[in-house]
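Shown next, in structure tokens, is the structure this report addresses.
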Amino acid sequence: MKSYDQYKRFIRLLAAVSILALEISMYSWAWIYYLSHEAGSPFFKKGDWLMIAVYGILLLFFSKMYGGLRIGYLEKGNVMYSQILSVTFVNTITYLQIALLAKRFLSLNSFLLLYVCDIVAICIWTLLANYMFQKLFPPRRMLLIYGNRPSLTLMDKMSVRKDRYEICEVIHIDIGFDELQKKIVQYEGVIICDVPSPVRNTILKYCYSKSIRVYLTPKISDILTRSAEEINLFDTPLLLIRNGTMNIEQCFLKRLMDIILSMLALAVTAPIMLITAIAIKYCDNGPVIYKQKRLTANGKKFDIYKFRSMYIDAEKDGVARLAQEGDCRITPVGAFIRKVRIDELPQLINILKGDMSIVGPRPERPEIALRYKDEMPEFDYRLKMKAGLTGYAQIYGKYNTTPYDKLKLDLNYIQNYSLMLDVKLIILTVKILFMKESTEGIAKEQSTAKLIRSNEKAHEKVEG
């Protein structure tokens, strides 16, 4: 079968341009023939083009931010959801924009019609574009090479995307490099999972020489190196790896943003919080707010505030445990508020107090963090920054993501921190609010997330 891999980016670009052009065209028609008259001011050609351009820029921004144009990369349901979420925001902003021009609230009928047309177009486009990608770019045949622990967890995750990856064979590094070479050239890609760096580097260089793409699970040292700054003062390249602390300007701006956003959020969500408090009280007549010790920057302990989502004395046996799938300790009201993250809203008070930030690593319980540290001392690296209401690991991971993977995700944030990254993560938080997998609990037989990291620490010690 002919390979179209070299055209993949171009075809994805054409697919993105087609849906954006269709959505902008529908808005253009609605604006020129109806909405501009409702705005109440005469618009000439330049004014019309300006309004259409603003709509297009907003649509492009949200579509790129939420991944609504990443056809063939994200799962089709995710692409569809992201695009619908994008037009929801853009149409809402546009309605308010036109209402300001008209100095009155307009009838919603035309916007609802436009919204319905957008959704229909998005669904048809996603299905057609995804079908085209599957035909042109069949799943890549992969070889998985693993080290001292089985790679079933990674296999399970990748097998969910059978449209992209087909793991045809799994082999251990003990078969020797000569045999590995013979196997590697038979496949289109190689996955390297939990392999010591000396062996991994040899495999990586061999694959590079044969133009075979490589997927690998990064170690902590890899993440630190990726965030390094190049120094070209000498004819020998140097990399500067910083210590993960913010400078004084970043600290000031981050704290200022925390105060402003938390105050605005408290004002906006006050009615929701009041209704939630009444519902919790009505459910079992217990306390509304639940306080629990958590860890923040530099290992400092603080009382986190949450709406109570479990029955009273949910941990009367004294064992600290995370919520499980189908946990019987969760109240009916609690199940709903956990699903849509309303139980987290009282943490806005923690942010105002300075215990937490809007964005940062998830605040872990001291008892559970201690268990993680027994196997993984590096887990404390997350405490280089204040705990956050949302964060990198909360967005790109799940509730039951392994502690080692959470650490790597949080280190990505800490080492690459910028105010714009905070803004991006805040916007992306809206997307995950209604994604079920992001709140998926741990298995029933567990009290903490699985510590899937066997022998990794030993590898890193051997590697220096």
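How much net charge surrounds Thr245 when only other residues with a Cβ under 13 Å from its Cβ are counted (Lys, Arg +1; Asp, Glu -1)? Before the final figure, lay out each step's value.
On the way: positive: Arg242, Lys254, Lys384, Lys386; negative: Glu249.
So the surrounding residues net to +3.
For Glu169, Glu344, Glu230, the sequence from fewest to most other C-beta atoms within 10 Å is Glu230, Glu169, Glu344. Less than 5 angstrom separates the built amide H of Ile191 from those of Leu143, Leu144, Ile145, Tyr215, all sequence-distant by 5 or more or on a different chain.
In the chain, which whole DSSP H runs stretch at least 30 Å along their own axis (Cα) and average -1.0 or higher on the Kyte-Doolittle scale?
Numbers: long enough: 8-30 (34 Å, 1.03); 45-66 (32 Å, 0.88); 76-102 (38 Å, 0.93); 109-136 (40 Å, 1.35); 248-284 (47 Å, 1.34).
Helix filter hits for the chain: 8-30, 45-66, 76-102, 109-136, 248-284.
If you take all other residues with their beta carbon under 13 Å from the beta carbon of Ala30, and give Lys and Arg +1 and Asp and Glu -1, the sum is -4. Backbone amide hydrogens, once placed in the peptide plane, bring Met356 within less than 5 Å of Ile351, excluding anything fewer than 5 places away on its chain. Apply the a/c threshold of 1.5 to the C-alpha gyration tensor of the chain and tell me whether it is rounded, prolate or oblate. Here the chain falls in the oblate category. Peptides 56-64, 86-94 ordered by packing proxy, namely the average of other Cβ atoms within 10 Å per residue, highest first: 86-94, 56-64. Other residues whose C-beta falls under 14 angstrom from the C-beta of Met65 contribute a net charge of +3, scoring Lys and Arg +1 and Asp and Glu -1.
Ordering Cys168, Cys193 from the fewest to the most neighbouring beta carbons within 10 Å gives Cys168, Cys193.
Reported to two decimal places, what Rg/Rh ratio describes the range 43-185 when computed on Cα atoms with Rh from the Kirkwood expression?
1.23
The residues Leu433, Leu50, Leu85, when put in order of fewest to most other Cβ atoms within 10 Å, stand as Leu50, Leu433, Leu85.
Listed by chain and number, the lysines whose alpha-carbon sits under 16 Å from that of Lys182, ignoring those within fewer than 8 places in the same chain, are Lys205, Lys210.
For the chain, what is the mean residue ellipticity at 222 nm derived from helices alone (per DSSP H run of n ≥ 4: -39500 (n - 2.57); sum divided by total residues; nearest 500 deg cm²/dmol)? Mind dumping the intermediate values first?
Numbers: 17 runs with 241 residues, N = 464.
The per-residue figure over the chain is -17000 deg cm²/dmol.
Every number in this text was worked out from the coordinates using simple rules, so none of it is lab data. Because the structure is predicted, anything quoted here is derived from the model rather than measured. We place every Cβ from the backbone using ideal geometry, glycine too, and count neighbours over all the protein chains shown.
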